[in-house]
């Protein structure tokens, strides 16, 4: 390795580097801490200094780095762990991004939309240039031949531009019609196509009713809305993927000859032997092959007291190893009854949510048939009044052009883009496209306890009753251990400004506790069984201390409630939301957390299916429930809730099931999300009202045959701009949580 | 009115040049990181293109 590092590459090698493009491999790393120009340089330089890296390009917007690796000789080429280690050296955490199929597909959609947007913009600007001349020419001295020339030039630009730029709408409308459905793209496509066809016909005849400008501006505006929507979605999904990839674990695999190598957790296969150090997260389901330790399973069950494991015990991916070192044999995840059950529950729960119809689609289902009927009515009325079929068709088409739902189609996406970017800047990633809409209708909130209402850290229950000398002695033992309880004791001692003396010779017996022999007197700190405390003494204590001949002393621990849990619950309750706490943890612990956060409705010791049942119960009462949870045991409930959120620390199944993921310690994100969701819903409805008001003015005009191309172009552009401008207000507007209707 | 004969093509050509420029920029990935591009512009010392830099570094190594 040293030798290859020093040896200068010969010219020949360099030549092969240029040729062998097929040996290049691209890796994308998520580096969330890239925030400025300096970071770009540091990260890129660090990566480019690794031998075998041929290029590194940081992307500040995505917080990612694309690294091109050159695989010319097998032993010298760096791998992902090397890159991550190099970045760690310069102070950045990184992880490989594994993109889902959906992300790749939507990347494709955005890169398809933007060129179309460019073409539509070019065409719209140039046609408008010609149209304005024609409109002003009508009032002055333009003669008909020049007008016809301008119409022809417009047609020349508009026809190819519409044929190219309008494809996304035509395709979507066609597939909707094929499935015997109506969506917003049906009236849009109809409007665009009819406007173009009629304009072409009028141009050939040398007529005046030429709507090329309206048609292409329409396409331009709609494409703006759609590409913004799509790129926002790509950003949100990218941010969610960044979070998940940072949580992805690497595993230390021990091969049969005893050598170890590091593998990403997803590359593990059944039968592999994995070494797990103290305090590490377990990367895969498996059985303990050797070692003893205790496992913190709070992410799986909500239970905060660790479980003791020894050889033969089952362990779950995502749980945290305590103080001992374990070797586990990886088993197939499906074999596991708990995970399999959760998978089944989730599948059933998701089906119940699938029925939600998005706001825009609901509007389209009413709007599309209505405008088509209006068009027909116009045609029939003009025919009946004896105007001849040509004039009647012209007026009917004018109605369809004017009702082409540009503003209506922008109404929801514009609001959603504004809402999602507002939330993203506050650390909330909205993943599901319709999630925000569903959240706007929520009237009850159900929290999970461990990891959601509380943080993943425990504190010693210390009402200043613990004797300072005792605490000092216990802490000097505890300071040698990485166990969360031991660390909590040390923190408590420091908080009381007790000097903790380090002692030498403390032994840690994994799964039991600490032992220290000083001048023939043994002190023990650990489980009740380890110190020999009876079950009758202080049943809630989870850690015990015993000095040779004294009676054992028990210590209680509670998990830290998120700093603003109480405010959040109060804010929700003041707005009329019903708030509940459902946990898998012991009832006493749940009661404490409920009291600390002022939640009156709580249930403890619930299994995943009982949580699911409770959500179903709320639904059958007519509640629309927001489930907030993080554990594996919450996943089915998250999938079943009307909407769902999870903290960024949640297990990946829960993050995948949730509509939104919030980062940071503050629970207030839930309130903020609900506020924005409510406001987004109000604004979407406002936008619908604007669009309907626009139609109420211009449709009668069109039916009476009073709409000229100038009026059409003005009216349609104005309504789109008004709707978008209204939506943009959401980014900065001050919001208040609006009261919700209560059922009970 | 004869000036229209060259004014219209001129306007269209200019427009097409702009469109071509946009599509070229899009295809060459210049719009991929709008935030980072701003930072790179004010950075001094290093060449803008990381690819070129890497190749030259490799050659001198």
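Some points to look at:
- Among the residues of the range A:481-500, just one is part of a loop (DSSP other than H, G, I, E, B), under 39 Å from the mean Cα position of the chain (by Cα) and surrounded by fewer than 21 Cβ atoms within 10 Å (Cβ to Cβ), namely A:482.
Results for (1) assigned to a helix (DSSP H, G or I); (2) touching a strand residue (DSSP E or B) at 6+ places or on another chain (Cβ under 8 Å); (3) at pLDDT below 90, shown as yes or no for each residue.
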| position | (1), (2), (3) |
| --- | --- |
| A:646 | no, yes, no |
| A:674 | yes, yes, no |
| A:692 | yes, no, yes |
| A:711 | yes, no, yes |
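- Among the conditions (1) within 14 Å of another protein chain (Cβ to nearest Cβ); (2) under 30 Å from residue A:359 (Cα atoms), residue A:190 misses just one, which is (1).
- Restricting the search to strands (runs of 3 or more DSSP E) fully inside the range A:208-294 and requiring at least 3 residues that are without any contact (Cβ under 8 Å) to a residue 24 or more places away in the chain gives A:260-264.
- Comparison of A:644, A:719, A:669, A:654 shows that the only residue that is farther than 30 Å from residue A:586 by Cβ and surrounded by 21 or more Cβ atoms within 10 Å (Cβ to Cβ) is A:719.
- When we screen A:153, A:146 for residues that are facing chain B (nearest Cβ under 9 Å), farther than 23 Å from residue A:404 by Cα and buried (at least 20 other Cβ atoms within 10 Å of the Cβ), the only hit is A:153.
- Candidates A:266, A:281, A:261, A:292: the one that is farther than 21 Å from residue A:245 by Cα and either more than 28 Å from the chain's Cα centre (by Cα) or surrounded by fewer than 22 Cβ atoms within 10 Å (Cβ to Cβ) (or both) is A:292.
- Residues in the range B:23-44 that are more than 15 Å from the chain's Cα centre (by Cα) and more than 10 Å from chain A (Cβ to nearest Cβ): B:44 only.
- Those residues of the range B:6-22 which are under 15 Å from the mean Cα position of the chain (by Cα) and more than 9 Å from chain A (Cβ to nearest Cβ), in sequence order: B:17, B:20, B:21
- Criterion: at pLDDT 85 or above and surrounded by 14 or more Cβ atoms within 10 Å (Cβ to Cβ) - qualifying residue of A:117, A:69, A:24, A:62: A:117
- Elements of the type helices (runs of 4 or more DSSP H) sitting completely within the range A:558-632 and holding at least 3 residues that are farther than 20 Å from residue A:451 by Cβ: these cover A:565-574, A:608-620.
- Lone unmet requirement of (1) over 24 Å from residue A:310 (Cα atoms); (2) surrounded by fewer than 17 Cβ atoms within 10 Å (Cβ to Cβ); (3) more than 39 Å from the chain's Cα centre (by Cα); (4) modelled with pLDDT of 75 or more for residue A:474: (2)
- Every residue from the range B:1-59 that is at pLDDT below 85 and closer than 26 Å to residue A:124 by Cβ: B:1, B:3, B:4, B:5, B:29, B:30, B:31, B:32, B:34
- Hits in the range A:31-59 (condition: touching a strand residue (DSSP E or B) at 6+ places or on another chain (Cβ under 8 Å), assigned to a helix (DSSP H, G or I) and facing chain B (nearest Cβ under 9 Å)): A:39, A:40, A:44, A:48
- Condition check for residue A:96: within 29 Å of the chain's Cα centre (by Cα), surrounded by fewer than 16 Cβ atoms within 10 Å (Cβ to Cβ) and either within 12 Å of another protein chain (Cβ to nearest Cβ) or modelled with pLDDT under 85 (or both): no
- The residues of the range A:563-584 that are out of contact with any helix residue (DSSP H, G or I) (no Cβ under 6 Å at 6 or more places or on another chain) and at negative phi, listed by number, are A:563, A:566, A:567, A:569, A:570, A:572, A:573, A:574, A:575, A:577, A:578, A:580.
Quick grid of which residues meet (1) assigned to a helix (DSSP H, G or I); (2) in contact with a helix residue (DSSP H, G or I) (Cβ under 6 Å, 6 or more places away or on another chain); (3) within 17 Å of residue A:204 (Cβ to Cβ):
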position: A:113; (1), (2), (3): yes, yes, no
position: A:121; (1), (2), (3): yes, yes, no
position: A:125; (1), (2), (3): yes, no, no
position: A:135; (1), (2), (3): yes, yes, no
position: A:138; (1), (2), (3): yes, no, no
position: A:148; (1), (2), (3): yes, no, yes
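- Counted residues, the range A:417-434 - those being assigned to a strand (DSSP E or B) and surrounded by fewer than 22 Cβ atoms within 10 Å (Cβ to Cβ): 0
- Residue within the range A:395-410 that is touching a helix residue (DSSP H, G or I) at 6+ places or on another chain (Cβ under 8 Å), crowded, with 20+ Cβ neighbours inside 10 Å and without any contact (Cβ under 8 Å) to a residue 24 or more places away in the chain present: yes
- Residue list for the range A:158-178, filter: crowded, with 21+ Cβ neighbours inside 10 Å and within 14 Å of chain B (Cβ to nearest Cβ): A:158, A:161, A:165
The values are calculated or read from the model by the stated rules, or taken from the named source; none is laboratory data. In this text the structure is predicted, and so the values were computed from the model without any measurement. When we count neighbours, we look across all protein chains shown, and the Cβ atoms used for this are built from the backbone with ideal geometry, even at glycine.
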